[in-house]
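See structure below.
The values are calculated or read from the model by the stated rules, or taken from the named source; none is laboratory data. Computed from a prediction, not measured in an experiment: that's the story for all the values here. A quick note on method: Cβ atoms are made from the backbone with ideal geometry, for glycine too, and the neighbour counts reach across all protein chains shown.
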C-alpha cells in the first residue's frame with residue numbers, strides 16, 4: 001500500500017463481510033448419563049467431524065455453514081455427542097470464480113470457527129463434562145482436499161461418459 005486514499009478505497013471495497021451469524025441446528029446428547037460421569041478421570045476417545053457447506057444466495061451473498069460433530073466415548077459407551085450447524089451470510093465482492101470459491105470455502109469458515117468452537121465447548125460444559133476445546137482447524141488444507149476429491153470425481157465421471165459413448169457407438 002502506498003499511502004494514498006485510492007488504495008484504501010479499493011481495499012475497503014474488496015472486503016468480505018459477515019452480515020449475520022446463527023445457529024442453524026444444535027444437538028447435545030449424553031445417552032449414558034449419569035453413569036458416564038463415573039470415570040471422568042479416564043481419558044475418553046474423542047472424534048471430530050467437520051464439513052463446510054456453501055451456497056450462493058443473491059447479489060454476491062453466500063450462506064456458509066460449518067457442520068461439526070464432536071463425540072466422546074469410552075469403549076462402546078458414548079459419553080456425549082454434539083452436533084452443530086453454524087451458519088453465516090457472507091457478502092463477497094466480485095472477484096474471479098476460483099478466488100471466490102476459495103474465499104467462501106476456506107476464508108469465511110476461518111472467521112466462523114471460533115464462534116462454533118465456543119458453542120460446542122459451552123454445550124459440553126453445560127452437559128456436565130470437563131471443558132472441551134477443539135484444536136484449530138486448517139481450513140486451507142480442508143479446502144484443498146475437497147477440491148482434489150471433487151476433481152477426481154469429475155475425472156471418474158468423464159471417464160464413465162467416454163466409456164458409455166464408445167459403447168453406444170458400436
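Evaluation of residue 154 against the conditions (1) at pLDDT below 95; (2) within 30 Å of residue 37 (Cβ to Cβ) shows that the sole unmet condition is (2). For segment 14-33, the criterion of a residue being more than 29 Å from residue 138 (Cα to Cα), modelled with pLDDT of 90 or more and either in a loop (DSSP other than H, G, I, E, B) or in contact with a helix residue (DSSP H, G or I) (Cβ under 7 Å, 6 or more places away or on another chain) (or both) is satisfied by at least one position. Considering only segment 58-68, I want to know if a residue exists there that is surrounded by fewer than 16 Cβ atoms within 10 Å (Cβ to Cβ) and under 24 Å from residue 119 (Cβ atoms). Yes, some residue in segment 58-68 is surrounded by fewer than 16 Cβ atoms within 10 Å (Cβ to Cβ) and under 24 Å from residue 119 (Cβ atoms). In segment 127-144, the residue that is farthest from residue 38 (Cα to Cα) out of those that are within 12 Å of the chain's Cα centre (by Cα) and crowded, with 17+ Cβ neighbours inside 10 Å is 143.
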